[in-house]
Amino acid sequence: MANIFTMVLAGGKGERLQPLTDQRAKPAVPFGGKYRIIDFTLSNCLNSGLRQMAVLIQYKSHSLDRHIRTGWNILNPELGEYIVSVPPQQRISEEWYRGTADAVYQNLFLLDNDHPEFLLVLAGDHIYKMNYADMYNLLIEKQADAVVGAIETPVAEANRFGVIGVDDDRRILSFDEKPDKPMHIPGDPSQAFVSMGIYLFRTEVVREQLIRDAKEGTKHDFGKNIIPRMIKECRVYAFKFQDENKKAVKYWRDIGTLDAYWEANMDLVSVDPQFNLYDEHWPIRTYQGQFPPAKFVFAQDFQGGRMGVALDSIVCGGCIISGGRVQNSVLSPHVRVHDHADVRESVVMENVVIGEHARIRRAIIDKDVIIPPKTVIGFDPAADRQRFKVTDSGLVVISKGMKLHAAVDPSG
């Protein structure tokens, strides 16, 4: 693993996650209370034994860059180990990254000093657990030039992804983006392999491919251009996803929509979540803010009394539940829930204040929002749409720092 250099693609706009991505890149969006989305990919790298990682940032990168510098400055550069964020250098052209392949092409200079034998390319906006050493072992075993991470998906759903066609030895025969008729896995007509956006290459082979692609009028994309051409010219294999999450169903999520983001957070507060944050053998790292312990105050166990409680919820450090009720929700650090407030099935981010007698249901509240007393959110879609982003499913999303001046209580 010491001979592998890793590039994490973290420059996407994440437009379908707006307004959560209005002021930050998608990999920097908070998830699970205390984490950022990119923490899961970087934790996989660390747990896999990788020690040379460059995070390629681009759009609205300040929050992500700060998080990497404060939360991931854990390796020793004197030993040749590092995790660094790299903005567009414009060494080759004055253009921004034109695609995933172009992002790597414009940063090939990072490989010039150490000349690593292998290059691992990852997406920084997926939630999963994976030991990348298993991919390396397959590449060596098959004497392959490239290995593509693949996960089994029902054929009926595979047309939403890049579909990988393989032979009985899992050598890749085809790679089609969102095909009308996905090719099934040999021996299993109900399942197809879809790409996870994880690629391991022999460095010199992919360098040649990227230089050729840069001179052509393509989309400069690994899935659309690089891998399809390599299939014809090189030995390219599919690696069947081995899930370190160790649950009955494999977990890999591209939480690219607001509803998918909310659902993934709600899974975490279930009794037996699909994604396990508490596995000591595969820890998920992040920046740890200096917050005091969470606190729950008022235990007036009588009619009309104040009770500070949180049930089936994740509550991070610095939170104070002061006479309010939180249920089936995720609270990031430093959230205040005041007297008789009721918060249910919601994702509440850092520095949010929920006023007295407020009622919140099925909402995502971004950072630095103050919810005035008696505000009602999530009960009247028509009223919510006048002020907030509301998805087709009725999920309410409140932008970072949004100023709410008046409570809306349809009951009067």
Eligible lysines near Lys400 by straight Cα distance, threshold 18 Å, same-chain separation 8 or greater: Lys13, Lys26, Lys34, Lys60, Lys367, Lys389
C-alpha long axis of helix 133-142 to longest principal axis of the chain, angle in °: 20 degrees
The FRET efficiency for Glu94 and Asp22, from their Cβ-Cβ distance with R0 = 25 Å and rounded to 0.05, is 0.45
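Heavy-atom accessible area per residue, the chain, 1.4 Å probe: how many Å²?
Numbers: 18460 Å² over 412 residues.
Value for the chain: 45 Å² per residue.
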Could you sort the peptides 271-281, 121-131 by per-residue average Cβ neighbour count (10 Å cutoff), highest mean leading? 121-131, 271-281
Heavy-atom accessible area ranking, 1.4 Å probe, most first, across His220, His405, His357, His115: His405, His115, His357, His220
Rounded to whole Å and sorted largest first, list the principal axis extents of the Cα atoms in the range 101-244. 46, 35, 29
So how do Tyr132, Tyr287 rank on accessible area, 1.4 Å probe, biggest first, that is with the largest at the start? Tyr287, Tyr132
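For the cross-link pairs Lys178/Lys247; Lys178/Lys224; Lys247/Lys295, which exceed 21 Å when the distance is taken from alpha carbon to alpha carbon? It would help to have the intermediate numbers written out before the result.
Values: Lys178/Lys247 28 Å; Lys178/Lys224 10 Å; Lys247/Lys295 32 Å.
Exceeds cut-off: Lys178/Lys247; Lys247/Lys295.
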Considering the dipole of the chain built from charges on the beta carbon (Lys and Arg +1, Asp and Glu -1) around the Cα centre, which of Leu173, Leu79, Phe40 is farthest to its positive end? Phe40
Proximal charge balance of Gly187 [Cβ under 14 Å; K/R count +1, D/E count -1]: -3
Any chance you could look up the accessible area of Met183 with a 1.4 Å probe, heavy atoms only, rounded to 10 Å²? 80 Å²
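Could you tell me the relative contact order of the range 282-373? Use alpha-carbon pairs under 8 Å, at least six residues apart, and round to a whole percent.
19 percent
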Thr70 accessible area, 1.4 Å probe, all protein chains in place, Å² to nearest 10: 80 Å²
What order do Arg91, Arg36, Arg24 take when sorted by accessible area (1.4 Å probe), most exposed first? Arg91, Arg36, Arg24
Which aspartates and glutamates have a Cα lying under 17 Å from the Cα of Lys142, excluding residues fewer than 8 positions away in the same chain? Glu117, Asp134, Asp167, Asp168, Asp169, Glu233
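Can you compute the FRET efficiency between Arg171 and Ser393 using 1/(1 + (r/R0)^6), with r the Cβ-Cβ distance and R0 = 25 Å? Round to the nearest 0.05.
Numbers: r = 41 Å, r/R0 = 1.65.
FRET efficiency, Arg171 to Ser393: 0.05.
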In nm, to one decimal, how far is the modelled label at Val84 from the one at Asn131, with both set 7 Å along Cα→Cβ? 3.0 nm
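In whole percent, how big is the carbon plus sulfur part of the accessible area of the chain, probe 1.4 Å, protein atoms only? Before the final figure, lay out each step's value.
Numbers: 8690 of 18460 Å².
Carbon and sulfur atoms account for 47 percent of the accessible area of the chain.
Taking N as the number of residues in the range 31-71, what value does Rg over Cα atoms divided by 2.2 N^0.38 Å take? Kindly include the intermediate steps, with their values, before the conclusion.
Details: Rg = 10.8 Å, N = 41, 2.2 N^0.38 = 9.0 Å.
After normalising by residue count via 2.2 N^0.38 Å, the value is 1.20.
With an 8 Å Cα cut-off and a minimum separation of 6 or more residues, compute the relative contact order for the chain in percent. Before the final figure, lay out the partial values.
On the way: 953 pairs, mean separation 55.8, N = 412.
Reported relative contact order: 14 percent.
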Gyration tensor (alpha-carbon) shape descriptor, the range 44-138, a/c threshold 1.5: rounded
Report the rotationally averaged projected area of the range 292-412 based on its alpha-carbon convex hull, in square nanometres. 7.1 nm²
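So how strong a dipole does the chain carry about its Cα centre when Lys and Arg Cβ are +1 and Asp and Glu Cβ are -1, to the nearest 20 debye? Intermediate values should be presented prior to the final figure.
Working: 49 positive and 53 negative charges, 189 e Å.
Result for the chain is approximately 900 debye, rounded to the nearest 20.
The values are calculated or read from the model by the stated rules, or taken from the named source; none is laboratory data. What you see is a predicted model; the values in this text were computed from it and never measured. No Cβ is skipped: glycine too gets one built from the backbone with ideal geometry, and neighbour counts run over all protein chains shown. Ligands, DNA and RNA are stripped out before the accessible areas are found, and what is left, the full protein with its side chains, is counted by its heavy atoms. Shrake-Rupley method; radii C 1.70, N 1.55, O 1.52, S 1.80 Å.
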